[in-house]
Amino acid sequence: KAGVTQTPRYLIKTRGQQVTLSCSPISGHRSVSWYQQTPGQGLQFLFEYFSETQRNKGNFPGRFSGRQFSNSRSEMNVSTLELGDSALYLCASSFPMRALNLADQETQYFGPGTRLLVL
Amino acid sequence: SQQGEEDPQALSIQEGENATMNCSYKTSINNLQWYRQNSGRGLVHLILIRSNEREKHSGRLRVTLDTSKKSSSLLITASRAADTASYFCATNAGGTSYGKLTFGQGTILTVHP
């Protein structure tokens, strides 16, 4: 079974631009969660989508948004980029349609991340 | 915001030794998960322990959970150079927050050959 994939892997943008990152979850998983990792703040939760609906949201400004499609693929968008948005963006998938047990349902599997540099 | 603290922040040991990392958290949890990260790459899931469990094993990994002290520990036995990585604990509150993990700051483990 293929793992979580994220595209692109690396991205360089300038301040004020916008960016869209993509995440394809493990086949059959219904939830996609997004995280931002920076040296200063560590790993922080952005939002989670489950069956095309945003189920949870972290403490990030409205410039950060996301969506999920009917095939469970998810995108996140950051508008009006700031220097501080430079980070590794990770997505994770969970909640398989056929879970063996609760642990199987709740385990989050991460993709390789997209490294965004804002100049 | 981070859920809690990991201790130590950095750990340096020799191959063959055991490595123990601790994690404390602040609020009630549904489960706690441990992850490994190599050099800023993606996170690799190691083990999940649910709030009603006290101990779990997976290969050379042993995880304990003490919900009364709001703490967990990860033990890696017979460490190898390939275990060199950052290790993170992450808590999940369950309920409507199933898809949200709150991470600690991590422990950087260096295993010298």
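We did not get these values from a lab; they are worked out from the coordinates using the rules stated. None of these values were measured; they are calculated from a predicted model. Quick reminder, even Gly has a Cβ in these numbers, built from the backbone with ideal geometry, and neighbours come from all protein chains shown.
Could you pull out which residues in region A:10-26 have an amide N less than 19 Å from a spot 7 Å beyond the Cα of A:Leu119, following the Cα-Cβ vector?
A:10-20
Charges only on Cβ, +1 for Lys and Arg, -1 for Asp and Glu: so what's the dipole of chain A about the Cα centre, in debye to the nearest 20? Let's see the in-between values first.
On the way: 12 positive and 7 negative charges, 42 e Å.
About 200 debye.
Dividing the Cα convex hull volume of the protein assembly as shown by residue count, how many Å³ per residue is that? Before the final figure, lay out the partial values.
On the way: hull volume 28.3 nm³, N = 232.
About 122 Å³ per residue, rounded to a whole number.
Counting only helical runs of four or more DSSP H residues, what would the 222 nm mean residue ellipticity of the protein assembly as shown come to if each run contributes -39,500 (n - 2.57) and the total is spread over all its residues?
Values: 1 runs with 5 residues, N = 232.
Calculated at 222 nm, the ellipticity per residue is -500 deg cm²/dmol.
If you average the C-alpha positions of region B:1-75 and of region A:67-119 separately, how far apart do those two centres end up, in angstrom?
22 Å
Mind putting a number on the dipole of the protein assembly as shown about its Cα centre? Charges go on the C-beta only, +1 for Lys and Arg and -1 for Asp and Glu, and I need it in Debye to the nearest 20.
On the way: 24 positive and 16 negative charges, 104 e Å.
With only Lys, Arg, Asp and Glu charged at Cβ, the dipole is about 500 debye.
How long are the semi-axes of the equivalent ellipsoid of region A:10-96, defined as square roots of 5 times the Cα gyration tensor eigenvalues? Whole Å, largest first.
Details: eigenvalues 100, 35, 27 Å².
Equivalent-ellipsoid dimensions as semi-axes: 22, 13, 12 Å.
Please list, ordered by chain and number, the residues whose modelled amide H lies under 5 Å from the amide H of B:Thr110; skip anything fewer than 5 residues away on the same chain.
Hits under the 5 Å cutoff: B:Leu11, B:Ser12, B:Ile13.
Pick out which of A:Gly28, A:Gly84, A:Gly66 has the largest mean-square fluctuation in a Gaussian network model of chain A, springs linking Cα atoms closer than 10 Å.
A:Gly84
Over the Cα atoms, compute the radius of gyration (one decimal) and Dmax (the largest Cα-Cα distance, rounded to a whole number) for chain B, in Å.
13.4, 45
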